[in-house]
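Q: Dropping the structure in here first, questions after.
The values are calculated or read from the model by the stated rules, or taken from the named source; none is laboratory data. Just so it is clear, the model here is predicted, and its values are computed rather than measured. Here the Cβ positions follow ideal geometry from the backbone for every residue, glycine too, while neighbour counts run over all protein chains shown.
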Amino acid sequence: MMNLYLQILVLLLSFSASSIVIAAGSFAGRSDVGAFISEMHDKHGFDTGKLTLSFARIKPIPAVIKAVLPPSDPGIRSWHAYRARFIEPKRLKLGIDFWRRHEDELLAAKLQTGVPEEIIVAIMGIETIYGRNTGKFETLAALATLAFDYPRADRVHAESRAALFRRELEEMLLLARETGRDPLSFKGSYAGALGLPQFLPSSVRKFAADGDNDGSIDLTGSPADAIASVANFLKEHGWERDAPIAEPANVTGDEFVKLIEEGILPRLKPSELLAFGVVSSDVPDSPAALIDLVTPQQSTEYRLGYRNFYVLTRYNRSSFYAMAVHDLAKELRARR
């Protein structure tokens, strides 16, 4: 470890004093950060001194910790309330405007991947209101905060989440090197998500696409790149061209509860779901799952979720999220 500190000292002395900003209370000098830096050197060949300097220029962000803590009053999970947040006049108007401005790019993405225009538009409307809220957190600092200082209220959960964010921190540094950018130049959400589609660094590296064919990918400044990237993400996760997403369903008896407990992976056809008291009419007889959309003190809404609905949950693991994308897309298509 002493050799590491000597490297840092030599590096610092090689710069003019005016070119270095060392953050008070920074991540520099911490054993866990030092171990991560050594791993990045051994695994990927990163320069230890330069990487240490980057961590010396950032510090933990309390607002990031606050954002991931469970709310003191979580309230009641409600599908009606959740849906109303996203299927509302502002997103509908801005979504139609976005669609009109980028009609050619959306059509090109659809032809290449099979993902309908309205699904792409709906995702970016829900994620960032079409780029109006991409996040202002310094990504390197946000990911380092979650990787090394994740709240320990639930030790097992905290360790697994911290490990996830350490992987994203690794991916972010690789992304910066591959694109020739300063790691400190990235800004996004408190969780490290980037650009109009809010891709985590790992998703940027795996699924981002050059929609405007300019030789680079910019998910913040290029809507064409964002459109192509969302479509590519869904395609790579199994999107089926011209296939159903979700359809209404009704339930009778108690057997349907077994289907809810089995999860959202499509397994049985609607004709087979009849044996569990799930009734639907004029729907595709392809494998589907029963999705329950609960609103307390009101009747629960049930729908069939087909393969493409399951693919939407790969973007965000919430059934509420995926169904909100579906409903917003339907409204956008109807108004378009």
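Q: In a loop (DSSP other than H, G, I, E, B), among the small types (Gly, Ala, Ser) and within 21 Å of TRP79 (Cα to Cα), is that true of SER299?
A: Yes, satisfied.
Q: Name every residue in the stretch 198-240 that is small (Gly, Ala, Ser), more than 16 Å from the chain's Cα centre (by Cα) and within 22 Å of PHE309 (Cα to Cα), in order of residue number.
A: Listed by number, the list holds a single entry, GLY238.
Q: Is it the case that the stretch 152-166 has a residue that's buried (at least 21 other Cβ atoms within 10 Å of the Cβ) and either over 30 Å from GLU117 (Cβ atoms) or of a type in the set (Lys, Arg) (or both)?
A: Looking for residues that are buried (at least 21 other Cβ atoms within 10 Å of the Cβ) and either over 30 Å from GLU117 (Cβ atoms) or of a type in the set (Lys, Arg) (or both), one finds at least one in the stretch 152-166, hence yes.
Q: Tell me which of these VAL230 doesn't satisfy, since it passes every other one: (1) part of a loop (DSSP other than H, G, I, E, B); (2) out of contact with any strand residue (DSSP E or B) (no Cβ under 8 Å at 6 or more places or on another chain); (3) not small (Gly, Ala, Ser).
A: (1)
Q: Okay, moving on. Look through the stretch 235-274, keep the residues that are aliphatic (A, V, I, L, M) and in a loop (DSSP other than H, G, I, E, B), and return whichever of them is surrounded by the most Cβ atoms within 10 Å (Cβ to Cβ).
A: Checked the stretch 235-274; the qualifying residue surrounded by the most Cβ atoms within 10 Å (Cβ to Cβ) is ILE245.
Q: If ILE120 satisfies all but one of (1) outside any loop (DSSP other than H, G, I, E, B); (2) closer than 30 Å to GLY29 by Cα, what's the number of the condition it fails?
A: The single condition ILE120 does not satisfy is (2).
Q: Considering every residue within the stretch 64-75, establish whether at least one is within 26 Å of TYR130 (Cβ to Cβ), crowded, with 18+ Cβ neighbours inside 10 Å and in contact (Cβ under 8 Å) with a residue 24 or more places away in the chain.
A: Yes - at least one qualifying residue is present in the stretch 64-75.
Q: How do the pairs read when you match residues in the stretch 279-294 that are touching a residue at least 60 places away in the same chain (Cβ under 8 Å) with residues anywhere that are crowded, with 17+ Cβ neighbours inside 10 Å and of a type in the set (A, V, I, L, M, F, W, C), using Cβ under 8 Å and keeping only pairs 6 or more apart or on different chains?
A: Correct list of pairs: LEU293/TRP79; LEU293/PHE320; LEU293/MET323; VAL294/TRP79.
Q: Quick one: would you say ARG85 is farther than 29 Å from THR295 by Cα, among the basic types (Lys, Arg), within 19 Å of the chain's Cα centre (by Cα) and outside the structural domain of THR48 (by TED's automatic domain parsing)?
A: no
Q: Taking the stretch 26-77 as the region of interest, how many residues are part of a helix (DSSP H, G or I), within 17 Å of ASP182 (Cβ to Cβ) and aromatic (Phe, Trp, Tyr)?
A: 1
Q: Would you confirm, using the coordinates I've provided, whether LEU143 is in a helix (DSSP H, G or I) and in contact with a Gly (Cβ under 7 Å, 6 or more places away or on another chain)?
A: So LEU143 passes the test.
Q: Exactly one condition in (1) charged (D, E, K, R); (2) more than 29 Å from LEU200 (Cα to Cα); (3) free of Cβ contacts under 8 Å to residues at least 24 places away in the same chain is not met by ARG317; state its number.
A: Checking ARG317 against (1) charged (D, E, K, R); (2) more than 29 Å from LEU200 (Cα to Cα); (3) free of Cβ contacts under 8 Å to residues at least 24 places away in the same chain, the one that fails is (2).
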